Amino acid sequence: SKLAALFEHPLYNIPIPEVTETDKLFVVNPMEKFSLRSSGSDEWVSSSKAETLLPTGKTAYDTYPTWLKFHVGINRYELYPRRDPLMPTLLRDLATQRIVSSVQKSGGTQLKLIMTFPNYGQALFKPMKQTRDQETPIDFFYFSDFERHNAEIAAFHLDRILDFRRIPPVSGRLVNITKEIRDITTDKKLAKTFFISPAGNICFYGECSYYCSTEHALCGKPDQLEGSMATLLPDKTLAQRRSWRSPWRRSYHKSKKAEWELNPNYCAQVRETPPYDRGHRLLDLIDMTVLDFLMGNMDRHHYETFEKFGNDTFLLHLDNGRGFGTHSRDEPSILAPLQQCCSIKKSTYLRLQLLATQPYRLSDLLREALATDPLAPVLAEPHLRALDRRLGKVLAVVRRCLAR
């Protein structure tokens, strides 16, 4: 296993700083049992009746469902540890746990569902909109592209291989539209959008600002539909998150350019602007830039951090569905922060160099990681080969910066 060898490498065993109580997202009394509000929200409360809701173990922590252990484990430095014993169970739960509720997630340009499990865990379901081998048409603007379920799955594994660990766990899943969405939804607006196509397939389209109409309906075969299941982060009432507009955000306009596209010295003013004027925030943003270039994701307009940790924490790499749309061409403008600032973390650079060597070839590692997903093969081969080409281009930019 190349993946097992990679995670044994010294570059993947650099210790994080000691985690104190103030570095944890939640401080939990290990002897106190918890149950969950029956509303199905992410909120939990102390209860003496916990034993009737959750399986008992040696200690109270053992009674937590896996998704809650994942939430409790989040700290200032990482969303989950490198050798996370929970990960196989968490991914298996996303793929196999019984779905007891399906409702549409509000907001956004495309249809997404919130699915709830019997243990009160929840996942964000993004349905399949195009096949593995379809490329985004060359005349499409980045903001009118589809979100791809397989891009969400591949992004999680790529983020883990790069050792960022800033994307919540995602698994593929085959969902029965009839039994696991239509028959159990309490969402009246969603319920009104189900129909049977002329081919006899069950379809629905929901309500959203762009792609929710009979022309963009999601149809099963006859009622089986692929999708990605992403672990939800803790409810914002419990763990406030702050949304930050990316300084290298695109204009989202058909002809207007953003300031960074016009000003080659743009990075100098970013470096003087909080929160980029101190700490490692700018370097974290450049990490995210590398991830996006490897995926071909041009749609990174915002990112989030946990409010509790202030400026000294990692960035959450959420919403990756517009990655992996094209393999035959690369988008150099995604690398603008790296090119303009000529800065990168030494640890990131060393790992990228490692992933360009034969024993740890990036495409081989991602292929191996994705082989375990229920929807394998997750990516078409040309997308995997494009990763090696793009990695070479990232390293070339860094070499040019070093030469300068």
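The values are calculated or read from the model by the stated rules, or taken from the named source; none is laboratory data. This is a predicted model, so every value here is computed, not measured. Don't worry about glycine lacking a Cβ; one is built from the backbone with ideal geometry, like all the others, and counts go over all protein chains shown. These accessible areas exclude ligands, DNA and RNA; they are computed on the full protein's heavy atoms, side chains included. Shrake-Rupley method; radii C 1.70, N 1.55, O 1.52, S 1.80 Å.
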Identify the single condition in (1) within 14 Å of residue 294 (Cβ to Cβ); (2) of a type outside the set (Val, Ile, Thr); (3) open to solvent by 40 Å² or more (accessible area, probe 1.4 Å) that residue 328 does not satisfy, given that it satisfies every other one.
(1)
Could you tell me which residue of region 201-218 is farthest from residue 181 (Cα to Cα), considering only residues that are open to solvent by less than 40 Å² (accessible area, probe 1.4 Å) and among the small types (Gly, Ala, Ser)?
213
Looking only at region 45-65, decide whether some residue is at pLDDT 90 or above, open to solvent by 20 Å² or more (accessible area, probe 1.4 Å), of a type in the set (Ser, Thr, Tyr) and over 20 Å from residue 370 (Cα atoms).
no
Restrict the check to region 219-237 and report whether at least one residue is among the aliphatic types (A, V, I, L, M) and either open to solvent by 60 Å² or more (accessible area, probe 1.4 Å) or without any contact (Cβ under 8 Å) to a residue 60 or more places away in the chain (or both).
no
Subset tally (residues that are out of contact with any strand residue (DSSP E or B) (no Cβ under 9 Å at 6 or more places or on another chain) and either closer than 29 Å to residue 129 by Cβ or part of a loop (DSSP other than H, G, I, E, B) (or both)) for region 279-309:
15
Identify, please: which residue in region 383-404 is open to solvent by 40 Å² or more (accessible area, probe 1.4 Å) and in contact (Cβ under 8 Å) with a residue 12 or more places away in the chain and is, among those, nearest to residue 149 (Cα to Cα)?
385
Is it the case that region 191-201 has a residue that's at pLDDT 95 or above, within 21 Å of residue 366 (Cα to Cα) and small (Gly, Ala, Ser)?
no
Going by what's in this entry, would residue 376 be described as open to solvent by 40 Å² or more (accessible area, probe 1.4 Å), under 19 Å from residue 151 (Cβ atoms) and in contact with a helix residue (DSSP H, G or I) (Cβ under 9 Å, 6 or more places away or on another chain)?
yes
Among (1) free of Cβ contacts under 8 Å to residues at least 40 places away in the same chain; (2) open to solvent by 20 Å² or more (accessible area, probe 1.4 Å), residue 244 falls short only on (1)
Scan of region 66-102 for residues that are crowded, with 16+ Cβ neighbours inside 10 Å, under 20 Å from residue 28 (Cα atoms) and touching a Gly at 6+ places or on another chain (Cβ under 8 Å), ordered by number:
66, 67, 68, 80, 84, 86
Against the condition more than 17 Å from residue 78 (Cβ to Cβ) and surrounded by fewer than 16 Cβ atoms within 10 Å (Cβ to Cβ), how does residue 320 come out, does it pass?
no
Pick from 167, 184: which is open to solvent by less than 10 Å² (accessible area, probe 1.4 Å) and in contact (Cβ under 8 Å) with a residue 40 or more places away in the chain?
167
Restricting to region 289-316, name every residue that is farther than 26 Å from residue 397 by Cβ and open to solvent by 20 Å² or more (accessible area, probe 1.4 Å).
304, 307, 308, 310, 311, 312
Go through (1) within 24 Å of residue 232 (Cβ to Cβ); (2) outside any helix (DSSP H, G or I); (3) at pLDDT below 90 one by one and return the number of the condition residue 19 breaks.
(3)
